[in-house]
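Written out below as structure tokens is the structure these notes cover.
What follows is calculated from the coordinates using simple rules that are stated; it is not laboratory data. Every value quoted in this text rests on a predicted model; they were computed, and no experiment measured them. Reconstructed Cβ throughout: ideal geometry from the backbone, glycine too, with neighbour counts over all protein chains shown.
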């Protein structure tokens with residue numbers, strides 16, 4: 001079965017309703033985690049959510065992520081590029097996570113490992129370079145975190161099991177997110193970003209890479 005068809009079954013969906021809703025959820029409402037659904041209908045009279053294309057020069061969608069971009073290769077973030085961007089995009093959000101992680105299994109899909117959350121990427125951008133510098137905020141206003149700090153965290157699925165799916169989800173927004181990269185736990189920051197995205201998603205793309213440690 002193609003990898004892209006596996007995504008809805010792989011990725012937890014507690015935030016689906018709030019993320020694509022016409023208005024954000026009430027203040028303080030728990031939104032859960034990010035969905036892996038692709039595309040979606042129009043919201044708020046702003047037109048349909050466009051299916052964009054996300055690619056990497058490092059691997060083909062559904063194939064193995066090179067060790068250079070894994071924890072064993074010193075967590076070098078991969079080069080990413082995207083096309084078919086809708087009009088009037090203000091910023092992009094990138095969520096990279098592992099729905100096959102032990103955390104996802106233990107929580108029945110309610111949580112998983114956050115490998116990278118990047119938000120407020122300028123709307124004129126069409127790529128992220130290899131080796132994005134560490135730090136909570138970059139000079140162009142881009143903000144980032146992961147499960148362990150303000151940087152990309154590469155894959156590291158154990159060698160004694162199956163390869164994990166690492167899902168890269170890119171969202172085009174018609175707004176800038178007023179979410180600070182510090183002051184909250186990574187899980188709380190992720191939930192806040194997802195909640196703030198509600199009603200503002202104009203496009204989406206998904207790229208999947210496979211990885212497990214070598215014996």
So residue 125 and residue 87, fully extended at 0.36 nm per residue minus their Cα-Cα distance, gain in nm 12.4 nm
Two pseudo-spin positions, 7 Å from Cα along C-beta at residue 176 and at residue 215, lie apart in nanometres by 5.3 nm
Checking rank on 138-149, 168-179, with mean other Cβ inside 10 Å and highest first, the result is 168-179, 138-149
Across all Cα atoms of segment 83-154, Rg and the largest Cα-Cα distance (Dmax), in Å, are 14.0, 40
Here P(r) for segment 126-178, Cα-Cα distances in 5 Å bins, as whole percents, is 4, 13, 20, 24, 18, 10, 6, 3, 1
Expressed as a whole-number percentage, the relative contact order of segment 157-203 with C-alpha contacts under 8 angstrom and at least six residues apart is 47 percent
